[in-house]
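Notes for the one structure printed next.
The values are calculated or read from the model by the stated rules, or taken from the named source; none is laboratory data. Every value quoted in this text rests on a predicted model; they were computed, and no experiment measured them. Because the Cβ atoms are built from the backbone with ideal geometry, glycine has one as well, and the counts that use them run over all protein chains shown. With ligands, DNA and RNA removed, areas are computed over all heavy atoms of the protein, side chains included. Shrake-Rupley method; radii C 1.70, N 1.55, O 1.52, S 1.80 Å.
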Amino acid sequence: MRRLTFSLPVALGVGLAVLPVAAPVFGPAAASAQTGAQTGAQAGTQAPAAAAGPVSALYAALQQIQAATGSSFAQRAQILAPVVDKVYDLETVLRASVGLRYGGLSGDDRQKLLAVFRQFTVARYVSSFKPGGDARFNVNPAPRPSPVGSDQIVTTHIGSTDDPDGTEIDYVMRPGPQGWHIVDVLLNAHISQVAAQRSDFSSTLASGNVQNLISLLEKKVKAFSEG
């Protein structure tokens, strides 16, 4: 019997703090209002059906690194990183994950934090979907409207040969000038990756020193790369 070689909680970043939410969490009200105004104008030029495209691209890349037998962690990260850059709005995810404190960070601190958050996101996926894995990906091509603004939700399932139905993983997609991007991931349709990360990050940022969060993410990247 072949088994999945990844952990869904780890892959989605909810291993440390699983928080059920009724709807995706995207950050402070002021930021949400501004983003809603911007994306509302953009939604007319971004057909909702296209929202599934980035998710399919992500899954194709995960299949590629899963099939990359004999490759190193760094080699698989190089394959996946450009795809993560293309399909995620990492800055929006990071802003919502940090919460209100994000607005008080200097531009330099934001750039440093975003760089290591990108490494963390890529490393988490590469660690979870290892070569020789049996993960099977199914994407529903018909998104549904999100309760938030003009966002769309793309439903997917990650399973295996022995469990074709697998686990439901939903992606919250937001339209922008460069198309649709992932801004949150929901396990079993209601457990928000952003909410989990916010819970994890908040205690680290309690001292007000962003370097503490940068160091935490660097340690996580190192652990993923050695796992």
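Per-structure values
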item: Test: Gln193 is under 22 Å from Leu62 (Cα atoms), in contact with a Leu (Cβ under 6 Å, 6 or more places away or on another chain) and either open to solvent by 10 Å² or more (accessible area, probe 1.4 Å) or of a type outside the set (A, V, I, L, M, F, W, C) (or both); result: yes
item: Verdict on Phe137 being open to solvent by less than 60 Å² (accessible area, probe 1.4 Å) and assigned to a strand (DSSP E or B); result: yes
item: In segment 95-129, residue surrounded by the most Cβ atoms within 10 Å (Cβ to Cβ) [restricted to those that are touching a helix residue (DSSP H, G or I) at 6+ places or on another chain (Cβ under 7 Å) and in a loop (DSSP other than H, G, I, E, B)]; result: Phe129
item: From the options Thr161, Thr155, Thr204, Thr167, residue that is hydroxyl-bearing (Ser, Thr, Tyr), closer than 19 Å to Ala49 by Cα and open to solvent by 20 Å² or more (accessible area, probe 1.4 Å); result: Thr155
item: Residue, nearest to the chain's Cα centre (by Cα), within segment 210-226, restricted to residues that are farther than 13 Å from Val98 by Cβ and either open to solvent by 70 Å² or more (accessible area, probe 1.4 Å) or among the β-branched types (Val, Ile, Thr) (or both); result: Val221
item: In segment 55-106, residue farthest from Pro141 (Cα to Cα) [restricted to those that are among the hydroxyl-bearing types (Ser, Thr, Tyr) and touching a residue at least 12 places away in the same chain (Cβ under 8 Å)]; result: Tyr102
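Here is a yes/no grid of residues against (1) of a type in the set (A, V, I, L, M); (2) more than 23 Å from Pro177 (Cα to Cα):
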site	(1), (2)
Leu90	yes, no
Ala96	yes, no
Leu100	yes, yes
Phe117	no, no
Phe120	no, yes
Thr156	no, yes
